[in-house]
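Here the structure comes first, spelled out in structure tokens, and everything after it is commentary.
The values are calculated or read from the model by the stated rules, or taken from the named source; none is laboratory data. All figures in this text were calculated on a predicted structure; none of them were measured in a lab. When we count neighbours, we look across all protein chains shown, and the Cβ atoms used for this are built from the backbone with ideal geometry, even at glycine. Remember, those area values only see protein heavy atoms, side chains included, never the ligands or the DNA or RNA. Shrake-Rupley method; radii C 1.70, N 1.55, O 1.52, S 1.80 Å.
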Amino acid sequence: MTIWNLGSINADFVYSVPHIPVPGETLASTGRAVFLGGKGANMSVAAARAAARVAHIGAVGADGLWAVERLMEYGVDTRHIAEIDVETAQAIIAVDANGENSIILHQGANVQIPVNVLEQALNRAETGDTLVFQNETNLQLQAAELAVTMGLRVAYAAAPFDADAVMAVMAHLDFLILNEVEAEQLKDATGKGPQDIPVKDVIVTLGANGATWFGADGPVDVPAHKVTPVDTTGAGDTFTGYVLACLDRGQPMLQAMQTASKAAAIMVTRRGTADVIPDLADVQSFSG
């Protein structure tokens, strides 16, 4: 089967800093690197490296053709990434000595994906395929509605969090993944905790404390692996991409989450985003 990802594509400018800057502070970085990133691109690379067939739906400007080539090198089908007359999205990421981060996002082409690109892509999808999307692009509701009519599994990573965006697509979802803060924000907005949300499978990620699956059998906790983090950027995206890839290969949810937990643990020991996501061989040999 295929995972169709309506997803963001960013140029990630990552700065190493002694600590996350506070308002009004000017802070010199101790290092700088540029990576392929964006929640969408990260998830596509993670799912592809987990041995899934992945087709990315998105947009870049002429300044982002390198990112498309990079995705293709990582095994992602890039035929449904449009080049448009808008600059490619950018993220400015500060990472401190403990691996924590602060991110400023310029949305650029990510929020101007042409609707015909989405339609042409999903017209090639087959019943049983998966659609995944996040909150860094346009066309979320249109994609969810079209996916449902075509019999696709609809998965949603509700980040960056927007309560209205979540509520708009909720009725179409089979799978919802949130981090702990986003779950609280959703509860504040709707009065419903993860166990009350009308979605078949809900996962709440808890960082170093693992993740909890709210499914038919009630809450199931999957612990995180103990590692020393150097950069937490992209760890949640890596977890999501691996979970979806494992589910696509027919693994049960618990096993998929356990595999994804290993991938996320490896990811936080590496500096960078999509370019350093571990492949399946790394994950299978991980013993942490």
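Overview of results
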read-out	value
Filtered residue count, the range 207-218, keeping only those that are modelled with pLDDT under 95 and either among the aliphatic types (A, V, I, L, M) or in contact with a Ser or Thr (Cβ under 6 Å, 6 or more places away or on another chain) (or both)	2
Unmet criterion (only one of (1) open to solvent by 20 Å² or more (accessible area, probe 1.4 Å); (2) assigned to a strand (DSSP E or B)) for residue 55	(1)
Extreme residue, nearest to residue 105 (Cα to Cα), among residues of the range 21-39 that are among the aliphatic types (A, V, I, L, M) and assigned to a loop (DSSP other than H, G, I, E, B)	22
Condition met for residue 231 (charged (D, E, K, R) and within 17 Å of residue 44 (Cα to Cα))	no
Candidate set: the range 40-52, residues that are assigned to a helix (DSSP H, G or I) and open to solvent by 10 Å² or more (accessible area, probe 1.4 Å); chosen: the one farthest from residue 259 (Cα to Cα)	48
Failed item in (1) closer than 22 Å to residue 95 by Cα; (2) under 19 Å from the mean Cα position of the chain (by Cα); (3) polar (S, T, N, Q), with residue 228 passing the rest	(2)
Extreme residue, least open to solvent (accessible area, probe 1.4 Å), among residues of the range 184-194 that are in contact with a Leu (Cβ under 9 Å, 6 or more places away or on another chain) and either aromatic (Phe, Trp, Tyr) or assigned to a loop (DSSP other than H, G, I, E, B) (or both)	193
Looking only at the range 62-81, and only at residues there that are open to solvent by 20 Å² or more (accessible area, probe 1.4 Å) and hydrophobic (A, V, I, L, M, F, W, C), the one that is farthest from residue 10 (Cα to Cα)	72
Any pair with Cβ under 8 angstrom, 6 or more apart, that starts in the range 136-154 at a residue that is within 16 Å of residue 166 (Cβ to Cβ) and β-branched (Val, Ile, Thr) and ends at one that is in a loop (DSSP other than H, G, I, E, B) and open to solvent by 40 Å² or more (accessible area, probe 1.4 Å)	154/174
Number of positions in the range 272-288 that are charged (D, E, K, R) and either on the phi > 0 side of the Ramachandran plot or not in a helix (DSSP H, G or I) (or both)	1
Which listed residue, of 135, 123, is over 20 Å from the mean Cα position of the chain (by Cα) and under 29 Å from residue 108 (Cβ atoms)	123
So residue 97, is it closer than 25 Å to residue 33 by Cβ and loosely packed, with under 15 Cβ neighbours inside 10 Å	yes
All strands (runs of 3 or more DSSP E) inside the range 198-271 with 3 or more residues being among the β-branched types (Val, Ile, Thr), surrounded by 23 or more Cβ atoms within 10 Å (Cβ to Cβ) and without any contact (Cβ under 8 Å) to a residue 60 or more places away in the chain	201-205
